[in-house]
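Q: First the structure, which I've put down as structure tokens, then a few questions once you've had a look.
Here, each number is a calculation from the coordinates, and none is a lab measurement. Keep in mind that this is a model prediction, so the values were computed, not measured. Every residue, glycine among them, receives a Cβ derived from its backbone with ideal geometry; neighbour counts consider all protein chains shown.
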């Protein structure tokens, strides 16, 4: 059995959840309050971060920690459907774009919006920084434009098929959308791409997430938004 | 011919330089002033970041952008010597530890020391933050301890052979060492590990780096430090 130690609104955990679902790999979710730095969890991942995938099979335990490591691992142990690409060039393009959203979008948009509005409040780190929020709301348009630019010549972000690049982008955006900060009207092409991901069975579990005390935006789970 | 667009003291570029040298792949270096945001470079990598590997072969050009993508690409197109590991479990461990240094060490140590002392000055971003420097000098001990802990049971960070995990860690540390901020006396086991990497032919080019106006620490290139 596989267990994914995760946090509900962590975009890296969400990427892995969708990847597992796309590959039809059954798994259980276990929420991990990383801020408690529990000994038992640090033994699984000394970095103290989610996601961590734990496999218990035939009396053996295997632990895979970190979102890149988990994604690459899933691709190696479960080839179908391919989520990275077939050729080295295709795979390089998937990894370039996955890193774009995992790192660049995360720093320029996610942290400025979800980090300021939600994480800070939750962890008691003070008031949101309004300059950061303004920056995030401005930066997200650049990223939506980039998605639209890629969509001019491609069916999915990295090429003709769905890859970890789409999963990384959609996972980050899904949390920003949870708090209602994605200006979908600004860019119909980016919205069309997100609508296609959102309607996939692999995304359903994410759309059912409800964090106590933090209701999602009205259109969060709406497939026609 | 392969060209690596890079910056001399960028740890991610250094990781790739050593990986190329370990795999005996000839390449040319091209320094890229990313802060100028040159059109020609943004055409290669819209993220505007180094490293970028460009291959021009048989009239075809292939561009691989981003340090994870370049490392994985090199492993796919040039199998020997293996730098990730053979089995999915070994590869997951390499990637976990590479991400540890690429992300955690980078945020907790590199940015607090090299970022404050060197990058800020170079980019005219004001005075170094002494609280950040203190945090960096404290955090680096935890990371040296972690290296020493891994060395208790392993020959290299991720197991019995040299991997991208060692390259990632050594690349980050080499720049902190350039400015003389690694307390090697604090931890002999970590120093022994670094001495083994430092003495490899693949590391020589890095030790010859000299940034105009920023001389390295006295022991930077010394194999017996």
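Q: Which percentage, to the nearest 5, of the DSSP beta bridges contained in chain B is antiparallel? Show your work: numbers first, answer last.
A: On the way: 12 of 16 bridges.
Here the antiparallel bridges make up roughly 75 percent for chain B.
Q: Normalised by the number of residues in region A:88-207, what is the relative contact order in percent for Cα pairs under 8 Å and 6+ residues apart? Walk me through the numbers before you get to the answer.
A: Working: 109 pairs, mean separation 36.3, N = 120.
Rounded, it is 30 percent for region A:88-207.
Q: Helix-derived [θ] at 222 nm for the protein assembly as shown: sum -39500 (n - 2.57) over DSSP H runs of at least 4, divide by residue count, nearest 500? Don't jump to the answer; show the numbers that get you there.
A: Numbers: 17 runs with 190 residues, N = 450.
Mean residue ellipticity, 222 nm, calculated: -13000 deg cm²/dmol.
Q: Using a 10 Å cut-off around each Cβ, can you sort A:35, A:184 from fewest to most neighbouring Cβ atoms?
A: Values: A:35 10, A:184 16.
Going from sparsest to densest Cβ surroundings: A:35, A:184.
Q: Return the average number of partner chain Cβ atoms within 10 angstrom of each residue Cβ along peptide B:37-46.
A: Numbers: counts 0, 0, 0, 0, 0, 0, 0, 0, 2, 6.
Mean number of neighbouring Cβ atoms from other chains: 1.
Q: Label-to-label distances across copies for residue B:223, with labels 7 Å out along Cα→Cβ, in nm, shortest first?
A: Once sorted, the set of distances for residue B:223 reads 6.5 nm.
Q: Let me ask you something else. Could you pull the copy-to-copy label distances for residue A:39, with points set 7 Å along Cα to Cβ, in nm to one decimal and sorted shortest first?
A: 6.3
Q: Kirkwood Rh over alpha-carbon pairs of the protein assembly as shown, then Stokes-Einstein at 20 °C and 1.002 mPa s: what D in µm² s⁻¹, rounded to an integer? Kindly include the intermediate steps, with their values, before the conclusion.
A: Numbers: Rh = 23.0 Å.
Stokes-Einstein gives a translational diffusion coefficient of 93 µm²/s.
Q: Oh, and also: Sorting A:194, A:220 on the 10 Å Cβ count, fewest up front, what's the list? Each step should come with its number before you reach the end.
A: Working: A:194 23, A:220 20.
So the ranking, lowest neighbour count to highest, is A:220, A:194.
Q: Let me ask you something else. Remind me, relative contact order of region B:151-225 in percent, using alpha carbon pairs under 8 angstrom and six or more residues apart? Before the final figure, lay out the partial values.
A: Working: 45 pairs, mean separation 21.4, N = 75.
Rounded, it is 29 percent for region B:151-225.
Q: Residue B:62 label points, 7 Å along Cα→Cβ, one per copy: pairwise distances from this copy to the rest in nm, shortest first?
A: Inter-copy label distances (nm, one decimal, shortest first): 2.8.
Q: Other chains' Cβ within 10 Å of A:57-64 residues: what's the mean? Working shown, then result.
A: Working: counts 0, 0, 0, 0, 0, 3, 4, 7.
Other-chain Cβ atoms within 10 Å of each residue's Cβ, averaged: 2.
Q: Build a GNM of chain A with springs between Cα atoms under 10 Å: which of A:213, A:126, A:115 gets the top mean-square fluctuation?
A: So, out of A:213, A:126, A:115, the one fluctuating most is A:213.
Q: What residue among B:127, B:172, B:111 has the largest mean-square fluctuation in a Gaussian network model of chain B, using Cα springs under 10 Å?
A: B:127
Q: Under the classification rounded if a/c is under 1.5, otherwise prolate if a/b is larger than b/c and oblate if not, where does region A:88-207 fall, given a ≥ b ≥ c as square roots of the Cα gyration tensor eigenvalues? Mind dumping the intermediate values first?
A: On the way: a/c = 1.81, a/b = 1.75, b/c = 1.03.
Since a/c reaches 1.5 and a/b is larger than b/c, the shape of region A:88-207 is classed as prolate.
Q: Looking only at other chains, what is the average number of their beta-carbon atoms within 10 angstrom of each beta-carbon in A:97-109?
A: Details: counts 4, 3, 7, 6, 0, 1, 5, 5, 0, 0, 0, 0, 0.
Rounded to a whole number, the mean comes out at 2.
Q: Then there's this: Classify region B:1-113 from the C-alpha gyration tensor, please: rounded if a/c falls under 1.5, else prolate or oblate depending on whether a/b exceeds b/c.
A: On the way: a/c = 2.04, a/b = 1.13, b/c = 1.80.
In terms of gyration-tensor shape, oblate.
Q: Determine, for each peptide in B:37-43, A:118-124, the mean count of other beta carbons within 10 angstrom over its residues, then list the peptides with the highest first.
A: Details: B:37-43: 10.9, A:118-124: 13.0.
Listed from highest to lowest mean packing, they are A:118-124, B:37-43.
Q: Let me ask something else about it. Please report B:151, A:1 as a ranked list, fewest other C-beta atoms within 10 angstrom at the top and most at the bottom. If you can, show how the numbers build up before the last one.
A: Details: B:151 16, A:1 9.
Lowest to highest Cβ neighbour count: A:1, B:151.
Q: Go ahead and set up a Gaussian network model of chain A, Cα springs under 10 Å, then flag whichever of A:77, A:176, A:50 fluctuates most.
A: A:77
Q: How high is the relative contact order of chain A, in percent, counting Cα pairs under 8 Å that sit 6 or more residues apart? Don't jump to the answer; show the numbers that get you there.
A: On the way: 290 pairs, mean separation 46.6, N = 225.
Over chain A, the number comes to 21 percent.
Q: Give the span of chain B's Cα atoms along each principal axis, as three whole-Å numbers ordered largest to smallest.
A: Per principal axis, max minus min of the Cα coordinates gives 52, 45, 28 Å.
Q: Given the rotation that superposes chain A on chain B, what residue of A brings its beta carbon nearest the axis, and what is the distance in Å?
A: Of all Cβ atoms in A, the one closest to the rotation axis yields A:68, 3.
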